[in-house]
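In what follows, a single structure is set out as structure tokens and then discussed.
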Amino acid sequence: MRSKLPSFLVRSSLRNRLLLTFLVLVLVVGGLTLWEIERTLAADLIAALDNRLTAQGREVASWISQARHLDQLTPKLAATTGARITIIGADGLIESDSVEPSTANRPIGQAWEVQEARRGIVGKGIRVLRDGDDDQYLVAVPGNDGRVIRLAVPVSDIVAARSRMRNRLLVGFGLGFLGALLLSWIFVRAITRPIQSMTRTAEKLATGDYDVAAPTEAAAAGGELGVLARAMMHMAGEVKARVGELTEQRDLLSVVFGRLVEGVLVVDPQNAVALANEAARPLLGDNEKQLPARLAPLVDKAREGEGADEELELVGRTVRASARPLEHGSVIVVLYDVTRLRALEGVRREFLSNAAHELRTPVTSISGYAETLLGGGVDADTSKEFLTTIHRNAQRIAGLVSDLLVLDQLGGRPALVGDRVPVTLLQVVTDAARTTKGVAPQAEIIVDVAPDLAVLGLREGLDHVVQNLIDNAVKYGGGSPVTVRAARAEGHVRLSVADTGPGIPHGHEERIFERFYRIDSGRSRAQGGSGLGLAIVKSQVEAMGGRVWVEHASPGARFVVELDAAPTS
């Protein structure tokens with residue numbers, strides 16, 4: 001996770017970088033220059049020392065060529081030259097030494113610089129001449145008569161000289177570095193102040209604040225920075241106008257896209273859902289970012305330029321999908337949910353089939369008996385029987401048509417619900433029981449309804465509902481007693497019609513309220529059923545704001561109607 005820097009650090013970052021760059025350049029260039037100067041001066045120092053010791057050695061060689069008492073002369077020459085002087089004879093023995101006179105007449109041994117001098121060249125070396133002493137810088141010069149004059153100075157003197165020289169160089173470099181730092185800061189500040197002014201303006205523009213003042217410091221700077229500042233302000237105005245237009249277009253497209261009834265998907269080249277509107281999300285399942293597998297072949301066809309229209313199943317819904325290619329391998333998919341349309345088509349086909357089946361039997365009967373009567377030769381009793389059959393089947397057709405008209409009228413359910421009035425339930429049940437007894441005198445109907453119990457509904461609709469339920473109980477209850485009860489339950493009234501007949505088989509509880517649905521079609525038709533009674537009951541009850549269902553009794557079945565209770569006075 002990136003930390004957010006303070007604004008002053010962000011604004012001064014360019015200044016810091018420029019200043020740091022200058023300092024690095026000064027340090028690198030100054031350091032390299034200082035190193036080269038120190039190296040060169042050290043080399044010059046050694047060369048000067050070599051030249052001095054060589055010249056002094058030759059001077060000593062000329063002196064000792066005329067002297068007799070070397071043991072007395074050597075210390076004086078050493079004091080004059082400031083170096084230790086050792087004179088080695090042609091036989092390799094030390095003739096005289098300014099520091100250790102006792103080494104006279106001793107062999108010099110394997111001394112590299114002495115061997116070089118014997119070959120006629122100036123020999124040089126660095127080593128310890130005496131235990132406990134520092135390293136000595138040695139210069140051996142060839143003399144007359146095969147002699148070698150060796151001068152020695154302590155290496156510490158050379159190191160001290162180089163150290164003093166290095167310290168002076170470092171002091172000079174430090175003063176120069178401070179001066180460069182001051183001048184760099186002044187120079188960088190003069191450059192970065194206008195840039196910082198433009199940076200602050202750009203930050204406000206980046207946050208969407210296009211009504212900003214012009215960067216005055218940048219404009220006052222003139223030159224390229226002034227041109228840049230004016231161009232920035234012009235750009236701010238243009239961006240503000242374009243952003244406003246794009247925002248309006250985006251909002252409009254977003255509203256249109258989101259309000260579409262059809263589901264719309266945009267699929268990227270990796271088959272991931274890049275965009276989906278509200279209507280499409282329920283069809284994508286749990287993962288709204290993943291393209292359903294059923295749509296993948298359709299998207300591939302669209303990318304290949306083939307016709308990509310197909311009806312398929314998505315999350316239990318029937319969907320008509322159309323895919324079309326977009327740029328850069330993306331595809332747009334439009335989803336039409338046709339589940340309800342297909343269900344309605346199925347209901348329509350089933351309705352037409354059932355209606356035709358219900359009408360075919362009475363129409364065939366009427367047609368057959370009428371054709372026989374038209375043929376003549378039928379006695380009066382037979383003719384009366386035929387006409388009675390024709391009349392009964394005509395009434396059956398009229399009843400079926402009447403039931404269908406009632407179902408069609410119940411399509412205006414909200415208007416019916418709005419006209420509900422208090423209806424006394426006992427009166428409705430009593431009238432329906434009396435009507436049923438008139439048709440089936442042997443029927444046993446038990447009524448258990450309180451006289452003051454009232455519901456909100458329509459008297460005509462309640463008459464139809466209760467009459468249908470009692471008639472069905474008597475007709476299909478196998479001659480068993482029919483019990484009608486009603487009771488108040490939490491602001492509602494529940495009316496139940498129960499019989500002790502064969503009951504409703506499990507699995508048919510919902511379907512018995514469908515149009516033309518019968519459990520035992522042979523028995524229903526034999527008893528004159530049209531298959532529309534319970535469908536009308538359900539539609540009437542729902543039109544009055546209630547609900548109806550069937551419960552299993554032991555034995556028999558119990559139909560329950562729940563309606564809103566009328567307010568008590």
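Read the figures in this text as sums done on the coordinates, not as results from a lab. What you are looking at is a predicted structure, and each value in this text was computed from that prediction instead of being measured. We place every Cβ from the backbone using ideal geometry, glycine too, and count neighbours over all the protein chains shown.
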Spacing of the two label points (7 Å from each Cα toward its C-beta) at ALA274 and ALA553, in nm: 6.6 nm
FRET E, pair GLU311, LEU253, Förster distance 25 Å, beta-carbon r, rounded to 0.05: 0.30
FRET efficiency estimate (nearest 0.05) - Cβ-Cβ, ARG230 to TRP35, R0 35 angstrom: 0.10
Sorted peptide list for 240-253, 265-278, 132-145, criterion being average Cβ within 10 angstrom, highest first: 132-145, 265-278, 240-253
Stokes-Einstein D for segment 12-95, Kirkwood Rh over Cα pairs, 20 °C, 1.002 mPa s (µm²/s): 125 µm²/s
Unit Cα scatterers, Debye sum, segment 1-200: log10 I(q)/I(0) for q = 0.16, 0.17 Å⁻¹: -0.99, -1.06
Residue-by-residue Karplus 3J(HN,Hα) for segment 283-297, coefficients 6.51, -1.76, 1.60, Hz, glycine and proline x: 8, 9, x, 6, 9, 6, 8, 10, 6, x, 4, 5, 8, 4, x
Rounded to 10°, Cα long-axis angle of helix 380-409 versus longest principal axis of the chain: 30 degrees
Cβ-based exposure ranking for LYS538, LYS204, in which fewest neighbours within 10 Å come first: LYS204, LYS538
Zone residues, segment 555-569, relative to GLU510, backbone N less than 18 Å from point 7 Å out along Cα-to-Cβ: 560
Burial order of peptide ranges 181-192, 289-300, 541-552 (average beta-carbon count within 10 Å, highest first): 541-552, 289-300, 181-192
Answer label for Kirkwood radius over Cα pairs in Å (calculated), chosen among (1) 38.2; (2) 29.0; (3) 25.8: (1)
Virtual paramagnetic centre 7 Å along Cα→Cβ of ASP157, amide N under 11 Å, in segment 67-91: 78-85
Spin-label model distance (nm) - ASN51 vs ARG320, 7 Å beyond Cα toward Cβ: 10.8 nm
Lysine pair number, Cα distance threshold 27 Å (strictly under), the chain, separation 8 or more or different chains: 7
Sites ASP431 and ALA394 - FRET efficiency at Förster radius 35 Å, r taken between beta-carbons, to 0.05: 0.80
Relative packing of peptides 115-121, 91-97 - highest average C-beta neighbours within 10 Å first: 91-97, 115-121
Net lengthening on full extension, LEU341/VAL128 (0.36 nm per residue, minus Cα-Cα): 65.4 nm
On Cα atoms only, tilt of 459-476 relative to the major axis of the chain in degrees: 80 degrees
Percentage relative contact order, the chain, counting C-alpha pairs under 8 Å, at least six apart: 7 percent
